[in-house]
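In what follows, a structure is listed as structure tokens, so that the remarks can point back to it.
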Amino acid sequence: MVKFIFFLLIVFSNIYASNFDEKCLSCHQDSFQFNMMMKRYTLKYSSEEKIKEAIFNYLKNPTHETSILPLGFLNRFGIKDKSTLDDKTLKEMIDIYYDRYNLKSKLY
């Protein structure tokens, strides 16, 4: 039974991870962008909860005021379109993003 549950967890995490790859990495092809954004979110918000909340709020209603990106970057690429993902899926994608790119996982 434990093996079956473990197997299901791996399968579902791969489904969501591939969904993350499809929904997010299709535009942000370079992981450098994600690393840079995570550094900026960490400097501004510091805690995991606040970072995830800020990302969620930005993706639901992106504006210059809520963006953590430098003005030059915003001028070059513009503001992201509002996310069309439902809240549950968006939070799952943010969790995957945080798990992959948070600075704690980079410390040794």
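The values are calculated or read from the model by the stated rules, or taken from the named source; none is laboratory data. The model shown is predicted, which means the values in this text are computed figures rather than measured ones. Positions of Cβ are backbone-derived with ideal geometry, glycine not excepted, and every protein chain shown enters the neighbour counts.
Can you tell me which condition Arg40 does not meet? The list is (1) in contact with a Phe, Trp or Tyr (Cβ under 6 Å, 6 or more places away or on another chain); (2) at pLDDT 90 or above, and all the others hold. Result: Arg40 fails condition (1) only.
Filter the range 49-105 for residues that are closer than 15 Å to Cys24 by Cα, among the basic types (Lys, Arg) and in a helix (DSSP H, G or I) and give the result. Across the range 49-105, the qualifying residues are Lys60, Lys91, Arg100. Listed by first and then second residue, the pairs linking a residue in the range 67-82 that is more than 17 Å from Phe34 (Cβ to Cβ) to a residue that is not in a loop (DSSP other than H, G, I, E, B), with Cβ atoms under 8 Å apart and 6 or more places separating them unless they lie on different chains, are Lys82/Leu59; Lys82/Lys60. Scanning the range 28-79 for residues that are surrounded by 13 or more Cβ atoms within 10 Å (Cβ to Cβ) and either small (Gly, Ala, Ser) or in contact with a His (Cβ under 9 Å, 6 or more places away or on another chain) (or both) turns up Phe34, Met37, Ala54, Ser67, Leu74, Ile79.
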